[in-house]
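Novice: Let me begin by handing over the structure; questions about it come next.
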Amino acid sequence: MDDEATLHALLVFGLSLMVGPAVGALVGWRKKQFWGVGVGALLIGCAGLYGAATVGWQRYQSIAGTVLVQGRLVEFVEERSKDSKGRSTTTRAPIVEYTAPDGVVRQVKGLGGGLSDKAPDDPVDVRYKPADPAQALVADFQNMWGIVWALGLFGGFPTLSGIFFTGMAIKESRHRSGRMGVREPTPAQQRWRTRGTVVANVVFLAGFALAFFYPDPNPMKQFGAGFFTIGVGALLHLFVQCLPPARDFEVLGILAIVGLGFAAFGYGAWMMA
C-alpha cells in the first residue's frame, strides 16, 4: 500500500541530500559558516519531514478504510540483496496467511523486524481492503508506520541541527552588535534548578541501566526502553535549564537534539520489537 507516496517521498529526500549541501555551501560562502550549515541542514530536514507527513497521511487514509483480521504466521523466507559495492545482505521476511469474508485464503509478505520473536502458526494481525482483499499488509508498527518513523528521524535530526546552527548564527550577529545580556539566577531559582537537575540525572542514569544492564529476552525492546528513558532525562534537563534565567542557546539546543533524538529512536525501537 502507498508505494507511490513512499517512492515520491524518498525521491524528494534523496534530492535534498544533493541540493542541501550545495545551497548550504553557497550560503556559507556568501555569509558565515553557521548560516551555511544551518540552511543546508534545514533543507534536508524539511524534505525528510515533508516525506514523513505525506506518507503518514496517505497511510492513515488507506488504513482507515481497511478491515482488521487475525491471520497466522506461515514461515520466514530469506531474501538476499546487494548494495552498490556488491556486498550481499540476507533478511528474513514473514509470510502471513489470512482469510477474508469471501472464504479465500490469501498470503501477504511483511517486514521481519517486528515479528522476529514469533514462530509458525502464531497469530498475526492483518489489514486488508474490503474492495480488494488481496491488497493487505501486516498490521504491526514496522509494516504500517516504519517508513513514516524512519523519514521522521531522517528529517528530524537535520531540522533540529539546522535550527541549532541558525540560532548560533543569529546569536553571533547579536553578539557583534552588542545586544547580549546574562542574568544570574537568584538563590531560590538556583535551588529549584539544582533539584530539577538531580531528578533529570536520576532518569538519565536509569535509561542507561535499562539499555545496558537490565536483563530482557528481547534486546530491541530493552534498547528501546533505555534510549527512550535517556531521551526523557535529557528533555527534563532541557526543561530545568529553561527555567528563568534560561541557559545559553547552545546548551538548550544540544539538550533538545539529544532528548528528542533518543526519545524518538527509543520509541520506534520499542514498537518494532
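The values are calculated or read from the model by the stated rules, or taken from the named source; none is laboratory data. The structure presented is a predicted model; accordingly, all values stated were derived computationally and were not measured. With ideal geometry, Cβ positions are generated from the backbone for all residues, glycine too; neighbour counts draw on all protein chains shown. Each accessible area value is taken on the protein alone, full model and side chains, heavy atoms only, with ligands, DNA and RNA left out. Shrake-Rupley method; radii C 1.70, N 1.55, O 1.52, S 1.80 Å.
Novice: Pull up the stretch 1-22, narrow it to residues that are over 15 Å from residue 159 (Cβ atoms) and β-branched (Val, Ile, Thr), then point me to the one that is modelled with the highest pLDDT.
Specialist: The qualifying residue modelled with the highest pLDDT is 19.
Novice: Next up: Among what's in the stretch 192-204 and is hydrophobic (A, V, I, L, M, F, W, C) and exposed (fewer than 13 other Cβ atoms within 10 Å of the Cβ), pick the residue that is nearest to the chain's Cα centre (by Cα).
Specialist: Going through the qualifying residues, I end up with 202.
Novice: If I ask for residues that are assigned to a strand (DSSP E or B) and touching a helix residue (DSSP H, G or I) at 6+ places or on another chain (Cβ under 6 Å), which ones from the stretch 128-164 would you list?
Specialist: Correct list: 137 only.
Novice: Same structure again: Can you confirm whether residue 207 is over 24 Å from residue 148 (Cα atoms) and either buried (at least 16 other Cβ atoms within 10 Å of the Cβ) or of a type in the set (A, V, I, L, M, F, W, C) (or both)?
Specialist: yes
Novice: Follow-up. Looking only at the stretch 184-224, count how many residues are touching a residue at least 60 places away in the same chain (Cβ under 8 Å) and either part of a helix (DSSP H, G or I) or of a type in the set (Phe, Trp, Tyr) (or both).
Specialist: 1
Novice: Can you tell me which of 41, 52 is in contact with a Leu (Cβ under 7 Å, 6 or more places away or on another chain) and not aromatic (Phe, Trp, Tyr)?
Specialist: Matching residue, one of 41, 52: 52.
Novice: Give me the residue from the stretch 255-270 that is surrounded by fewer than 20 Cβ atoms within 10 Å (Cβ to Cβ) and under 17 Å from residue 140 (Cα atoms) and, out of that set, farthest from the chain's Cα centre (by Cα).
Specialist: 270
Novice: For the stretch 116-125, check the following and say yes or no: at least one residue is surrounded by 12 or more Cβ atoms within 10 Å (Cβ to Cβ) and part of a strand (DSSP E or B).
Specialist: yes
Novice: Okay, moving on. Could you figure out which of (1) in contact (Cβ under 8 Å) with a residue 24 or more places away in the chain; (2) open to solvent by 50 Å² or more (accessible area, probe 1.4 Å); (3) not in a helix (DSSP H, G or I) isn't true of residue 228?
Specialist: (3)
Novice: For the stretch 100-134, how many residues meet the condition of being aliphatic (A, V, I, L, M), more than 23 Å from residue 271 (Cβ to Cβ) and touching a Phe, Trp or Tyr at 6+ places or on another chain (Cβ under 8 Å)?
Specialist: Narrowing the stretch 100-134 to residues aliphatic (A, V, I, L, M): 100, 104-105, 108, 111, 115, 119, 124, 126, 131, 134.
Those left that are additionally more than 23 Å from residue 271 (Cβ to Cβ): 100, 104-105, 131, 134.
Then keep just the ones that are touching a Phe, Trp or Tyr at 6+ places or on another chain (Cβ under 8 Å); that gives 100, 105, 134.
Adding up the residues that qualify gives 3.
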